[in-house]
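Asker: Sending over a structure as structure tokens; questions will come in a sec.
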Amino acid sequence: MPFQLTSRAFKEGGIIPSHYTADGDDVSPPLEWSIVPGGTKCFAIICDDPDAPGGSFCHWLVYNIPANAVNFPEAFPSLGSLPNGTKQGVNDFGTLGYRGPSPPSGTHRYLFKLYALMSVLDLEAGATRAELEKVLQRRILGEAQLMGKYQRSK
């Protein structure tokens, strides 16, 4: 069975509730994962909007999530570093932590990608997406994805 990422807030391909968007409370949705690849030392999450007008737009970067984690709570704090070693990077809004969907027009897809990694990343808090993706190379044991959609109310 494949590595899996789910959320109790929305189903694969479903609508992301406005609570998790810029139109609502702008908090991160709860995430759960299972069937983790053997040898996983930590996890990383990248959430992006591939339908953004200027190309893929990053909404969330999290890395060095401990290997024993099986979920992320709703409204994960927007801190650079947590006591358990988890770190967050700078999204394309220029801030740390999660920033929810806010498409300028139409329905956009939001991809929550979870990576199982074979080693903890030597990367400080506040990294950019490019910096994170560079150190992810050759460390990925598995990838799971959850896609949700959102369109702003007029």
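Asker: Would you check if Pro30 is at pLDDT 95 or above and either under 19 Å from Leu111 (Cα atoms) or surrounded by 14 or more Cβ atoms within 10 Å (Cβ to Cβ) (or both)?
Answerer: yes
Asker: Follow-up. Hey, among Phe93, Phe112, which residue is buried (at least 19 other Cβ atoms within 10 Å of the Cβ) and out of contact with any Pro (no Cβ under 7 Å at 6 or more places or on another chain)?
Answerer: On the way: Phe93 fails: buried (at least 19 other Cβ atoms within 10 Å of the Cβ).
That would be Phe112, the only listed residue that is buried (at least 19 other Cβ atoms within 10 Å of the Cβ) and out of contact with any Pro (no Cβ under 7 Å at 6 or more places or on another chain).
Asker: Quickly run through region 143-154 and pick out the residues that are surrounded by fewer than 18 Cβ atoms within 10 Å (Cβ to Cβ) and either touching a residue at least 40 places away in the same chain (Cβ under 8 Å) or of a type in the set (Val, Ile, Thr) (or both). Steps first, please.
Answerer: Residues of region 143-154 surrounded by fewer than 18 Cβ atoms within 10 Å (Cβ to Cβ): 143, 145, 147, 149, 151-154.
Those that are surrounded by fewer than 18 Cβ atoms within 10 Å (Cβ to Cβ) and either touching a residue at least 40 places away in the same chain (Cβ under 8 Å) or of a type in the set (Val, Ile, Thr) (or both): Glu143, Gln145, Met147, Lys149, Gln151, Arg152, Ser153.
Asker: Find all pairs meeting these conditions: Cβ atoms under 8 angstrom apart; at least six residues apart or on different chains; first residue within region 98-124 and under 30 Å from Ile15 (Cβ atoms); second residue assigned to a loop (DSSP other than H, G, I, E, B) and among the aromatic types (Phe, Trp, Tyr).
Answerer: If the second residue must be assigned to a loop (DSSP other than H, G, I, E, B) and among the aromatic types (Phe, Trp, Tyr), the pairs left are Tyr98/Phe76; Arg99/Phe93; Leu114/Phe3; Ala116/Phe3.
Asker: Is it true that Lys41 is surrounded by fewer than 17 Cβ atoms within 10 Å (Cβ to Cβ) and of a type in the set (D, E, K, R)? Show your work before the answer.
Answerer: Values: surrounded by fewer than 17 Cβ atoms within 10 Å (Cβ to Cβ): yes; of a type in the set (D, E, K, R): yes.
Answer is yes for this residue.
Asker: On the given criteria, is Leu136 of a type outside the set (S, T, N, Q), surrounded by 15 or more Cβ atoms within 10 Å (Cβ to Cβ) and over 15 Å from His59 (Cβ atoms)?
Answerer: On the way: of a type outside the set (S, T, N, Q): yes; surrounded by 15 or more Cβ atoms within 10 Å (Cβ to Cβ): yes; over 15 Å from His59 (Cβ atoms): yes.
Judged against the criteria, Leu136 is a match.
Asker: Next up: For region 70-84, how many residues meet the condition of being among the hydroxyl-bearing types (Ser, Thr, Tyr) and assigned to a strand (DSSP E or B)? Give the steps one after another, and end with the answer.
Answerer: Just the residues of region 70-84 that are among the hydroxyl-bearing types (Ser, Thr, Tyr), to begin with: 78, 81.
Checking which are assigned to a strand (DSSP E or B) leaves us with 81.
Within region 70-84, residues that are among the hydroxyl-bearing types (Ser, Thr, Tyr) and assigned to a strand (DSSP E or B) number 1.
Asker: Kindly evaluate Glu131 against the criterion of being touching a helix residue (DSSP H, G or I) at 6+ places or on another chain (Cβ under 9 Å), charged (D, E, K, R) and surrounded by 14 or more Cβ atoms within 10 Å (Cβ to Cβ). Can you show your working first?
Answerer: Numbers: touching a helix residue (DSSP H, G or I) at 6+ places or on another chain (Cβ under 9 Å): no; charged (D, E, K, R): yes; surrounded by 14 or more Cβ atoms within 10 Å (Cβ to Cβ): yes.
No; evaluated as a whole, the condition is false for this residue.
Asker: Within region 45-69, how many residues are under 14 Å from the mean Cα position of the chain (by Cα) and in a loop (DSSP other than H, G, I, E, B)?
Answerer: 2
Asker: Which residues, counting only those in region 18-44, are outside any loop (DSSP other than H, G, I, E, B), of a type outside the set (Gly, Ala, Ser) and within 16 Å of the chain's Cα centre (by Cα)? Full working, then the answer.
Answerer: The first filter runs over region 18-44 and keeps only residues outside any loop (DSSP other than H, G, I, E, B), leaving 18-20, 31-34, 42-44.
Subset that is of a type outside the set (Gly, Ala, Ser): 19-20, 31-33, 42-43.
Across region 18-44, the qualifying residues are Tyr20, Leu31, Glu32, Trp33, Cys42, Phe43.
Asker: Would you check which residues across region 85-96 are more than 14 Å from Ile65 (Cβ to Cβ) and part of a loop (DSSP other than H, G, I, E, B) and list them?
Answerer: Going through region 85-96, the residues more than 14 Å from Ile65 (Cβ to Cβ) turn out to be 90-96.
Scanning region 85-96 gives Asn91, Asp92, Phe93, Gly94, Thr95.
The values are calculated or read from the model by the stated rules, or taken from the named source; none is laboratory data. This one's a predicted model, so the numbers in the text were calculated from it and none came from an experiment. Note that we place each Cβ from the backbone using ideal geometry, even for glycine, and neighbour counts take in every protein chain shown.
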